[in-house]
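The values are calculated or read from the model by the stated rules, or taken from the named source; none is laboratory data. Predicted, not measured: the structure shown is a model, and the values here were computed from it. Virtual Cβ from ideal backbone geometry, glycine too; neighbours counted across all protein chains shown. Note: accessible area is taken over every heavy atom of the protein model, side chains too, but ligands, DNA and RNA are not part of it. Shrake-Rupley method; radii C 1.70, N 1.55, O 1.52, S 1.80 Å.
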Amino acid sequence: MEQTVQGKEFRLLTKGLRTIFTIIMVLMIFSLTMIAIFFVGVMVVTEQEVNHFLAKGSVTASIHFEGLEMMLADQVARDIHYTKKDIVTLLFTATIYIAILLLMVIQVRNVLSNLSKGIIFSLATSKKIERIAYGVIVLSLTVNAFRTYIVYLMMQQFKIESLFVKADIIKGISYHFTGINWTLLLCGLVIWTIARIFRYGAFLQDEYDATA
């Protein structure tokens, strides 16, 4: 009786988590759709039109990063120079980044679906977990470059770098696009190890079924 209750609780848990990841998947697809629409707008509208709007309009701007919010002075906001190439590169990079996260969410959702059906130690489940691990490892190698590029783009668009240098606050700014997020890398290796354990469990299950 106790095992039956635990089994029902486990299936309920996996179904609930699958619902949550389904919602996350839908939101990510919506984000990719919005990026595609914004990309079309960037390609259609010229740089001159955007810069003219920024110069003539009343613009307020702030920068949010890692819990830091900087409200820019009106003069700095009016001096924003829109560059289509930088925005297109940012959108393309964001698309790749979100696509990797979406693939990982889909794999997690599929794993939870298998677990809710009682399919635990199987080759298919281990492969899905292994794909999740590879996705996390890829993110660990690229997340620092992506975050640094966002900072670089903001500094260039708002000309903050030159303002800091002119104000004699700093001597110069350098950007480091290489680096490894060791926390994500460790998580990726742990997930990969779990995938290998599931694969070995699937092998033992097959051996048991063959001899039963």
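Among the residues of region 110-127, write down those that are open to solvent by 30 Å² or more (accessible area, probe 1.4 Å), free of Cβ contacts under 8 Å to residues at least 60 places away in the same chain and part of a helix (DSSP H, G or I). Within region 110-127, ASN110, ALA124 meet the criteria.
Residue count for region 139-152 satisfying the condition of being open to solvent by 20 Å² or more (accessible area, probe 1.4 Å) and either in contact (Cβ under 8 Å) with a residue 40 or more places away in the chain or among the polar types (S, T, N, Q) (or both): 8.
To keep it simple, each residue is scored yes or no on (1) closer than 27 Å to ILE120 by Cβ; (2) at pLDDT below 65; (3) open to solvent by 80 Å² or more (accessible area, probe 1.4 Å).
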residue: ILE20; (1), (2), (3): yes, no, yes
residue: ILE37; (1), (2), (3): no, no, yes
residue: GLY41; (1), (2), (3): no, no, no
residue: LEU68; (1), (2), (3): no, yes, yes
residue: TYR97; (1), (2), (3): no, no, no
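Scanning region 25-35 for residues that are closer than 20 Å to TYR82 by Cβ and loosely packed, with under 12 Cβ neighbours inside 10 Å yields a single hit, MET34. In region 186-199, the residues that are in a helix (DSSP H, G or I) form no Cβ pair under 9 Å with any partner that is at pLDDT 95 or above and open to solvent by 80 Å² or more (accessible area, probe 1.4 Å), whether six or more places apart or across chains.
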